[in-house]
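Worksheet: one structure, shown below.
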Amino acid sequence: MTQSWLNEPVSRPLGNDSHDVSLQQLSCETDFAFVCTIISFNVVDKSVTKMVKWQSLHDKCVVTLTILAVTNFFQHDAFIANVFPSPLRGEGGTTHNGAHAYVHGWMDHRRRGPAFTKNAPSTSNKCDGKYSMLNEFTHESESRLGRSIIKRALHSRGGGDDDSLHDRFAADEHSSNNDESNKCNGATDEMQRLRQQWSYVPAVPSITWPFDVHVTHTNQTHEPTTKQQLEQQQQQQQQQHHQPTKAIIIMDGFSPYHGQYLAQAAHRLYGAAVIHVLSDFMTRYIYQVEKQTDHLSSRLPDLNNPDEVRAWKNLLPPSLDLCGIYCESDSGLEDAERLGAALGLFPLRHDGFNAARRNKYLMNRAVSELGGLDVVQQKSCKTLQEAEEFAKRLGVDEDSKEASTMVVLKPIRGVASDDVHLCTNLTSLRKAFAKIYHSPIFGSSTAAKHEEVLVQEFATGTEYAVDVVCRDGEKKVAALWKYDKRAVNGAPFVYFATQIVSALGEHGSTEGKDVEQAVCNYVFKALDALCIRWGMHHVECIVEKIAAGNNRPETIRVRLVEVNCRQHNTDFRPLTNAVIGYNALDMVLAAYLGDDSKRGSKDDEEEENDGHQYPIESNHLRLQWDSLPILPSTLAHGAIVHFVSFVEGKIKRIRYDVLTEMEDLDSVMDLEVYPQFLQVGNEIQKTVDIRTDTGWAHLINDEEEKFRSDYERLVELMKDMFEVE
């Protein structure tokens, strides 16, 4: 791309109007960048609709532009009304027929992360050659928390997953033999010591308000005695009339496309306040590792001290209704549950505290015993001898490399595929046990070690993931995903792709969707067994088809992998917007803040007069919960592809010809190679888990055959991305 090209006018259809504007002008106009890529090539020629990555000259804001671009969210939001189906987003709009738009969404100066972009031709292999690095996103919290913590908090799968922090900071959460509820009975000596050090900075609610709301919060009760006091009181009442009455608590909201997106959308779409809070894990990490103190006022109050919790809550405006809690990080899930209980949100707006939602052993027991569902055989083993005996009962041999029966060893409390080992024999089992036993327990701020190792039967089959949003017990599937995991580089479970699949057939029928229906039904029952009624959840299952025989019909066997009480840790929103028509994050806001939500804390009369005002200009952008289907259907084929490295060593050449071929595939809407792999001389390792992949791509295509062929070609090209010494 050349600088002169930036000044050429481009057509920008918006609703019924069309405007000419140059990309140079866009750099100065952009307030909220609603970024989209038109992928229906029968609408506009493919050559002009392929994505163009462009670095703005205004505030160094990185946006992705195509011929169809929207520069101001409120002036030009008619575009989204013409893209998404009107039944889901209020009045207006036309039917979304096929994947006609790949939408990154609206964010103020946000970007998922560094990407490579075409610049002037060059033979150089460095980042400033043909592919140069774009500036990383900037946001307000960087000045408060520091750039380094933000960068490390964003997980490679899409942000918010903090296992990358775990490598530097020994986190802990009590395992099943040390019941998780022990933490509720008293803070650890370490946290008590830290809280004493922090006592000079009180924990206070960190509230952000929509637009330019000026909040008045006073306990003045006496009548005004002068004309001036009366005028001041009337002015305050007028201001209070426009203050939000709804608020949502967001814990550890670091990711620009998870927690930060929710905060922005709560403000802009719902006119709601957002209360930001940091979990104990993140507070301690930033303090001890990042050596910062500016964040301390945003920490949790001591949840074991009712007086401190009461003082924290009393600082909230009395008219503010706490509608729910969203926790972005795995490490904050326990704190989020305890906070909801301490603030009195349980059971009307919160699920309370339940250790089985994080402890994988207790989780399977609850799903089996309380839900009556099929689960894998398992045993929580305190000694290596226990693990060996249980594995032998499952048929594992001493040293066979091709055992017909295998076992999985994993931590009681973990995240993603960290320290998950597939063991074919007792020799590999001993190595895996030694690695997990006494390793730091993930997800809390104390220093305990794993005293038990979970040994489970290896379930064969295809792995599915279900994103579910719940509102007062009513469950709706936001997206159904099918994993492509393969055994490569000596690792048993390496992500290659996460594909969106439809839960329904044509015209909403269930014909031919037996597997998808079985998975969703299983997940709903599993959530019931864990007493989950609110929020967003990412549930993974293994599905095995058992062939018919002996007068027995073919059966579908579904078993639980794990329930994660948080979002799918990837930037799923642009993909699901295009393939399904909506996304789980907007569904969460509809569940908690929507005008048709069930207000269990208020009667109908109070509901009608709670005084909350929704922004009129965004009426058609808010999802209507009651209009959302229980199960989603897809309008195109889409997937997130994870770039797998097959080499390790020092990078001597980056194959930009391969990257160009990847980008030019019809189905590739967006892709990113992580910055550390775009520098010659940097080290690269073989991909063995989600944290060691080298980048990602988003694929969408209306035609299944073309989608499949582009995906297989992408997998082949992965092998040639890098050359090492």
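The values are calculated or read from the model by the stated rules, or taken from the named source; none is laboratory data. A quick note: this is a predicted structure, and the numbers were derived from the prediction, not measured. When we count neighbours, we look across all protein chains shown, and the Cβ atoms used for this are built from the backbone with ideal geometry, even at glycine. Heavy atoms of the whole protein, side chains included, go into the accessibility calculation; ligands, DNA and RNA do not. Shrake-Rupley method; radii C 1.70, N 1.55, O 1.52, S 1.80 Å.
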With the condition kept exactly as written, say whether any residue in the range 487-506 is part of a strand (DSSP E or B), out of contact with any strand residue (DSSP E or B) (no Cβ under 9 Å at 6 or more places or on another chain) and at pLDDT 95 or above.
no
Tally of residues being open to solvent by 60 Å² or more (accessible area, probe 1.4 Å) and either farther than 20 Å from V488 by Cβ or of a type in the set (A, V, I, L, M) (or both) across the range 710-725:
1
Which numbered condition D374 misses (of (1) open to solvent by 50 Å² or more (accessible area, probe 1.4 Å); (2) in a loop (DSSP other than H, G, I, E, B); (3) more than 30 Å from V469 (Cα to Cα))
(3)
Check off (1) in contact with an Asp or Glu (Cβ under 9 Å, 6 or more places away or on another chain); (2) open to solvent by 60 Å² or more (accessible area, probe 1.4 Å); (3) closer than 29 Å to V396 by Cβ for F346 and give me the number that stays unchecked.
(3)
List pairs: first in the range 701-713 and over 16 Å from L575 (Cα atoms), second of a type in the set (A, V, I, L, M, F, W, C), Cβ under 8 Å, 6+ apart or cross-chain?
D710/L665; D710/V668; D710/L699; R713/L665
Give the residue that is farthest from Y483 (Cα to Cα), with candidates limited to residues of the range 544-565 that are hydrophobic (A, V, I, L, M, F, W, C) and surrounded by fewer than 20 Cβ atoms within 10 Å (Cβ to Cβ).
A548
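Yes/no per residue for (1) without any contact (Cβ under 8 Å) to a residue 60 or more places away in the chain; (2) at positive phi; (3) open to solvent by 50 Å² or more (accessible area, probe 1.4 Å):
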residue	(1), (2), (3)
N619	no, no, yes
L628	no, no, no
P632	no, no, no
G638	no, no, no
K652	no, no, yes
I684	yes, no, no
I690	no, no, no
Tell me whether the range 278-301 contains one or more residues that are closer than 19 Å to Y592 by Cβ and under 23 Å from the mean Cα position of the chain (by Cα).
no
Quick check on my filter: what residues within the range 377-392 are crowded, with 19+ Cβ neighbours inside 10 Å and in contact with a Phe, Trp or Tyr (Cβ under 8 Å, 6 or more places away or on another chain)?
Q378, K379, S380, C381, A387
Which of the residues that make up the range 658-671 are acidic (D, E), touching a Phe, Trp or Tyr at 6+ places or on another chain (Cβ under 8 Å) and either modelled with pLDDT of 95 or more or surrounded by fewer than 19 Cβ atoms within 10 Å (Cβ to Cβ) (or both)?
D666
Matching residues, the range 523-541, being open to solvent by 20 Å² or more (accessible area, probe 1.4 Å) and either within 18 Å of A503 (Cα to Cα) or without any contact (Cβ under 8 Å) to a residue 12 or more places away in the chain (or both):
F524, K525
So, in the range 349-371, of the ones that are among the hydrophobic types (A, V, I, L, M, F, W, C) and over 24 Å from F458 (Cβ atoms), which residue ends up surrounded by the fewest Cβ atoms within 10 Å (Cβ to Cβ)?
L370
